[in-house]
Amino acid sequence: MAMMWSVTQDVSSAALANIKEQNHNGHGRSTYHVSTLDRLPDKILLKIFSYLPHREVGRLSRVCRKWRMISCDSRLWTHVSLRPDVSGLHVTSLETLLALISMRFGPSLTYIELPIELITHTVLHELANKCPNLTSMLLDFSTAMQLHDFNDLHSFPTKLRTMCICLSEVIFMEGFMRKIYNFINGLEVLHLIGTYEKAVEDEEEEIYEVVNIHKLKSAVPNLRVVNLFGIIFVDDSHVDSLSSNCIQLECLALNFCTKVTGSTLKILFSRCKRLRCLLMQHTSLHDEHMMAVEWEKTSLQELDITATELSTDCLINILYRIPALRYLSAGQLDCFTDVVLKEFMENGNPKSLVALDLDRNENLSEEILLRFLKIQAPMLRGLVLSGIPHLTEQFWTTVMSTLRNIKVLVVGMPEGCCQKIHQKIHIDSLIDSMANNCPRIERLEIRWDPQTLRFSDRSNKAIDAARLKCLRLRCLCLSDGKYFEMVKSNFERADRATVVRSTTNCRVSLVYLLYNYRDLIFN
């Protein structure tokens, strides 16, 4: 045995010595192949870079000459935000931006966001001359205390189809707007974003009409989508003015325009025959104005009247007369009672309805909701019944089996809600029911707080079922807590790290189901 070990040791030593000698003399070849990113083809590196935010692309350009060349490829710079709080990109001088437009952006640029300090006549001239395919632009004046001088502004991008302007509280925009009127005749989508949140904080401050919508409407006759969001000076006269020249209008959003009462809606629908989407969340609608509209003669399919103060009679009148409503958002309405829903079921036309939001309508009973969903649930693509304390585990277990085609679902009581529920929710049974009955679900929000949810170490089995069966699920919102951590780690182990999110940072709504959802996205 000792002799055999000695022979083996001698052979091994000799073999190792031979290998070392070959390597030393350069005759031996290593069996290992060195692979680095530098060996990848440029088109593969370009594809990898395309998944990175522009801030990271800028950093990688400092690594080597090859990476700098790839990072300057204009195909990486088709959609650019230069607002530091949004993208992390901070352009320190106009000269740098002009060089970027010329060398990096060029004809590939289709979308750009500019903060107030970069909105000058020189920059706009350069964009007009060097970026002929620019179709979408956002101009952020929200933090402005003073505008640049636009007297020398003689050119502006002419192929714009979408424009978003974030307004300032105190800066009048008429001087700038007058210069661009001749260049924006082709606009199809217009966003004017106001300062509603600041106005709520400073209710006593004077309100200024910082942009003249009555003049603006003459320059944009081809608008299909108009979004006036949180503009505190907008009232019914502005709606009337827009409708007089924008007869192609398909979607009008007036969310958080608190001076709108609905007095010109009848005229609006008589002029804009194609109008099918009307969003009026948090407005000051009056019953008499809403009931004066000839709803039965309209093409309206999507309506948002959340957080208005319409009466029960008015709600019944509207829902009875709209011929083919597919999207209804009527949350936070104390007058939306069993009577309203019953009338809608029996005398209205709910057959076309695919999206329903009744968030925080506590005057709806479990019985009437079950009756309605028994008929309507198979057709629904979106349902929000959160903030209703008496809808607990038993209700949702019954309903879940009928929601075969649901894509967006919001359930539970939000955190911080004054009215709490005392019954515990066995979340495993709900998740398991969703996995077995809702294969098409894409977005789910469960708003019950961690103290209300009941689960165990065996909950991973139900979570596994949901993850494996609901392959289209891209967003699952939960309240922070132990259950949230359990679900998040389960999805992360399956390389689906972006699915599970906290309700602190994310909210699910039905807006994804609007016809013009992509046009309505801003900011």
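Couple of notes before you dig in:
- Segment residue 313-residue 451, length gained on full extension (0.36 nm per residue, minus Cα span): 45.8 nm
- Under a model in which nothing but the beta-carbon of Lys, Arg (+1) and Asp, Glu (-1) is charged, the chain shows a dipole of about 2860 debye around its Cα centre.
- Computed label-point distance, nm, for sites residue 48 and residue 174 using a 7 Å Cα→Cβ extension: 5.6 nm
- Set of segment 228-254 residues, backbone N closer than 18 Å to the point 7 Å along the Cα-Cβ line of residue 270: 236-249
- What a 1.4 Å probe finds exposed on segment 288-409 is 46% carbon and sulfur by accessible area, rounded to a whole percent.
- Nearest-ten-degree value, helix 312-321 long axis tilted from longest Cα axis of the chain: 80 degrees
- Å² of accessible area per residue within segment 372-523, as computed with a 1.4 Å probe and no ligands counted: 48 Å²
- Förster-model FRET efficiency, 45 Å R0, residue 375 and residue 135, C-beta, rounded to 0.05: 0.55
- Residue list for segment 282-324, given a label point 7 angstrom along the Cα-to-Cβ vector of residue 362 and an amide N cut-off under 17 Å: 307-308
- Full extension of the chain between residue 93 and residue 429 gives 115.2 nm of extra length, using 0.36 nm per residue less the Cα-Cα distance.
- Folded to 0 to 90 degrees: helix 459-469 orientation relative to the chain principal axis, Cα: 80 degrees
- Between residue 486 and residue 68, the simple label model (points 7 Å from Cα in the Cβ direction) yields a spacing of 5.4 nm.
- Which label in [x] 157; [y] 170; [z] 208 gives the computed volume of the Cα convex hull per residue in Å³: [z]
- Segment 109-213: relative contact order as a whole-number percent, Cα under 8 Å and 6+ apart: 26 percent
- Charge sum, other residues only, whose C-beta stays under 12 Å from residue 260's C-beta, Lys/Arg counted +1 and Asp/Glu -1: -2
- Take segment 132-249 with all the other protein chains still there, run a 1.4 Å probe, and you get 44 Å² of accessible area per residue.
- Sites listed here are GluC sites (Glu not before Pro) in segment 292-371 whose DSSP assignment is loop and whose Cβ has at most 11 other Cβ atoms within 10 Å: 294.
- Each of residue 464 and residue 218 was given a label point 7 Å from its Cα along the Cα-to-Cβ line. The distance between the two points is 7.0 nm.
- Computed over the chain: relative contact order in percent, which uses C-alpha pairs under 8 Å that are six or more apart: 6 percent
- Stretchable slack from residue 102 to residue 284, in nm (0.36 nm times residue separation minus alpha-carbon distance): 60.7 nm
- From most to least packed by mean Cβ count within 10 Å, the peptides 100-107, 252-259, 219-226 give 252-259, 219-226, 100-107.
- Using alpha-carbon coordinates, inclination of helix 236-245 to the longest axis of the chain, degrees: 80 degrees
- Direction-averaged projected area, Cα convex hull, segment 126-174: 3.8 nm², rounded to one decimal.
- Rolling a 1.4 Å probe over the protein heavy atoms leaves residue 271 with an accessible area of roughly 90 Å².
The values are calculated or read from the model by the stated rules, or taken from the named source; none is laboratory data. Model, not experiment: these values are computed from the prediction. Neighbour counts are summed over all protein chains in view; Cβ atoms, including those assigned to glycine, are modelled from backbone coordinates with ideal geometry. Ligands, DNA and RNA are stripped out before the accessible areas are found, and what is left, the full protein with its side chains, is counted by its heavy atoms. Shrake-Rupley method; radii C 1.70, N 1.55, O 1.52, S 1.80 Å.
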